[in-house]
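Inspection log for the structure reproduced underneath, given as structure tokens.
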Amino acid sequence: MTLSDFQARRTELARRIGPNDIAILPTAPEQQRNRDADFLFRHDSYFYYLSGFTEPQAWLVIKGDGHTTLFCPPKDLEREIWDGIRLGPEAAPGTLGVEAAFSIKEIDAQMPALLDGCDAVWFPFATHKGLETRVDGWLGTLRGRVRYGALTPEIQRDLCGPLDEMRLVKDAHEQATMRRAAQISAGAHIRAMQLSAQMLREGKELREYHLDAELLHEFRRHGSQYPAYGSIVAAGANACVLHYRADAGLVRDGELVLIDAGCELDGYASDITRSFPANGKFSGPQRTLYELVLASQVAAVDATKAGARFTDPHEATVQVLAQGMLDLGLLDKNKVGGLEDVIEKRAYFPFYMHRTGHWLGMDVHDCGAYTEPSELGNKTERKDALTGETLISRPARILRPGMVLTIEPGIYVRPAEGVPEAFHHIGIRIEDDAIVTDTGCELISRGVPVDPGEIEALMRG
């Protein structure tokens with residue numbers, strides 16, 4: 001990203017909030033890990049999107065006329081010896097392209113004057129603990145000056161709304177960064193697959209943390225700053241726990257391994273899931289379920305294109321999975337009925353309980369509305385078949401070129417009455433990252449294969 005790119009984003013936000021409004025945005029707070037150490041700092045995504053600035057204790061203030069003020073830590077030789085070089089407010093305008101910069105120590109003194117005369121103040125609701133109280137304090141100070149001619153903003157608005165819409169469609173630079181992140185993550189998955197088969201061939205004890213270590217090594221080896229989220233490395237029955245974390249579980253010969261892991265590169269996430277045989281060879285039941293999930297993903301990929309709805313890939317997935325569950329005896333036709341009955345009653349839910357995708361970008365579950373903004377008034381009520389709750393439905397988002405989402409069907413079989421024993425404790429998910437294009441979608445994470453034969457060939461190497 002160039003300086004002008006961040007300036008253009010701030011200009012666009014100023015246009016969206018209105019000429020006489022003001023937007024206030026802090027970066028993420030530092031988080032204490034234990035007695036004398038902090039967690040590794042990671043900037044707030046909104047803040048970085050508008051500034052490109054990665055230091056902690058910083059605030060961004062954008063006026064509706066485009067004027068931007070940054071508050072950041074001042075230069076401090078003693079602290080810089082311990083914590084690293086700071087940019088400082090003197091260098092910030094030239095480096096970041098902001099019009100003004102002050103020490104963070106001056107924010108309480110400067111903010112009332114910046115708020116004076118504005119019609120509305122925008123800040124992200126429900127994302128920063130204590131932010132509303134901080135804004136109220138500045139407004140209270142300003143109200144104390146009304147007898148001297150001060151004008152206090154009368155409206156408070158959620159800054160997440162306009163920023164979410166801006167971030168939802170990725171530009172060419174963002175897409176290029178996400179392709180690179182997916183490429184690094186794909187290599188990490190390949191490395192973990194191959195190590196799994198190699199260690200079992202050599203008769204070594206293999207644990208989930210061995211595979212997790214391979215992922216982390218490959219991420220950092222190629223310049224990724226962090227994992228995009230806590231990696232899921234789940235062997236055997238652990239794969240039936242959706243948010244299982246890489247732990248000390250034994251990886252046994254003959255079991256499947258599910259790895260859901262992706263790196264973050266230059267502020268952008270990747271998100272890949274692969275399920276593979278620990279020893280490099282699918283058993284018959286494993287391959288049968290795997291091919292069902294893969295077929296459902298193919299259907300979802302085909303449904304992912306500009307002009308389609310966000311829900312179309314999920315509905316395509318459910319059609320394939322539900323029919324497969326009936327065909328394989330996971331669902332008893334005599335009890336649940338035919339395909340339409342299974343879908344209407346969500347009888348597939350014990351084996352497939354999550355959606356088929358989510359937005360992907362600076363956050364692994366990225367911001368952006370899942371309903372179509374132009375159709376919010378078109379709502380219907382329906383009773384949920386499983387809970388009996390009355391739910392309100394609105395038309396799903398229409399996909400546009402440049403939107404990025406995951407496509408991740410799965411199947412999770414726990415032992416239960418009537419469930420064929422051959423499928424017990426098998427958990428499979430296949431997840432790829434997709435950029436919506438004019439003609440369909442680009443799968444940017446296929447550097448690691450999904451075809452079962454290709455996976456077996458890869459693991460023989």
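What number, rounded to the nearest 500 deg cm²/dmol, is the helix-based mean residue ellipticity at 222 nm of the chain, given -39500 (n - 2.57) per DSSP H run of at least four residues and division by all its residues? The per-residue figure over the chain is -11000 deg cm²/dmol.
Binning the alpha carbon pair distances of the range 3-167 at 5 angstrom intervals from zero yields the distribution 1, 8, 17, 21, 21, 15, 9, 5, 2, 0, expressed in whole percent.
Which links in Lys129/Lys383; Lys63/Lys305; Lys105/Lys129; Lys345/Lys379 stretch past 26 Å when you go from one Cα to the other? Before the final figure, lay out each step's value.
Values: Lys129/Lys383 35 Å; Lys63/Lys305 37 Å; Lys105/Lys129 19 Å; Lys345/Lys379 21 Å.
Beyond 26 Å between Cα atoms: Lys129/Lys383; Lys63/Lys305.
For Ala396, the residues 5 or more places off, or on other chains, whose built amide H falls under 5 Å of its own are Glu372. Taking a cut-off of 15 Å between Cα atoms, list the aspartates and glutamates near Lys281, but don't count ones fewer than 8 places away on the same chain. Reachable aspartates and glutamates: Asp253, Glu255, Glu291, Asp451, Glu454, Glu456. Hey, what angle do you get for helix 131-143 against the long axis of the chain, alpha-carbon based, 0 to 90 degrees rounded to 10? Its long axis makes an angle of about 20 degrees.
Would you tally the net charge around His354, using a Cβ to Cβ cut-off of less than 10 Å, leaving His354 out, and scoring K and R as +1, D and E as -1? Around His354, the charge tally is +1. Please give the Cα centre distance for the range 24-99 versus the range 381-446, rounded to the nearest Å. Between the Cα centre of the range 24-99 and that of the range 381-446, the gap is 38 Å.
Run the dipole for the chain about the Cα centre, Lys and Arg Cβ at +1, Asp and Glu Cβ at -1, nothing else charged, and hand back the magnitude in debye, nearest 20.
On the way: 50 positive and 67 negative charges, 32 e Å.
Value, rounded to 20: 160 debye.
Put simply, the convex hull of the Cα atoms in the chain casts, on average, a shadow of 26.0 nm². Residue by residue, the range 274-288 carries 3J(HN,Hα) couplings of 9, 10, 8, x, 4, 8, x, 9, 5, 7, x, x, 4, 5, 4 Hz when phi is fed to the Karplus relation 6.51 cos²θ - 1.76 cosθ + 1.60 (θ = phi - 60°); x denotes Gly or Pro.
Within the range 267-306, none of the chymotrypsin sites (Phe, Trp or Tyr not before Pro) combine a DSSP coil assignment with at most 15 other C-beta atoms in a 10 angstrom radius.
If we count other beta carbons within 10 Å of each Cβ, what is the order of Glu372, Glu202, fewest first?
Values: Glu372 15, Glu202 8.
Going from sparsest to densest Cβ surroundings: Glu202, Glu372.
Can you compute log10 of I(q)/I(0) for the range 273-424 with the Debye formula, treating each Cα as one identical point scatterer, at q = 0.12, 0.18 Å⁻¹? For the range 273-424, the Cα-only Debye profile gives -0.60, -1.19. Taking the range 83-119 and a reference point 7 angstrom along Cα→Cβ of Ser4, the backbone N atoms nearer than 20 Å belong to 93-99.
Angle, helix 3-17 long axis vs. longest principal axis of the chain, Cα atoms, 0 to 90°, nearest 10? Tilt relative to the chain: about 80 degrees. For Asn279, the residues whose modelled amide H falls within less than 5 Å of its own, excluding neighbours fewer than 5 places apart on the same chain, are Gly254, Glu255. Relative to the longest principal axis of the Cα atoms of the chain, the long axis of helix 172-201 lies at roughly 40 degrees.
Where Rh denotes the Kirkwood radius from the mean inverse Cα pair distance, what is Rg over Rh for the range 160-317? Intermediate values should be presented prior to the final figure.
Values: Rg = 17.3 Å, Rh = 17.1 Å.
Ratio of gyration radius to Kirkwood radius for the range 160-317: 1.01.
Entry note, the range 1-110: relative contact order of 26 percent, from Cα contacts under 8 Å with a spacing of 6+ residues. Of the trypsin sites (Lys or Arg not before Pro) found in the range 121-155, the ones in coil according to DSSP and having at most 14 other Cβ atoms within 10 Å of their Cβ are Lys129, Arg145.
Since every read-out is calculated from the coordinates, none of them should be taken as a lab result. As the structure is a computational prediction, the values presented were derived from the model and not from experiment. Glycine also receives a Cβ, built like all others from the backbone with ideal geometry; neighbour counts cover every protein chain displayed.
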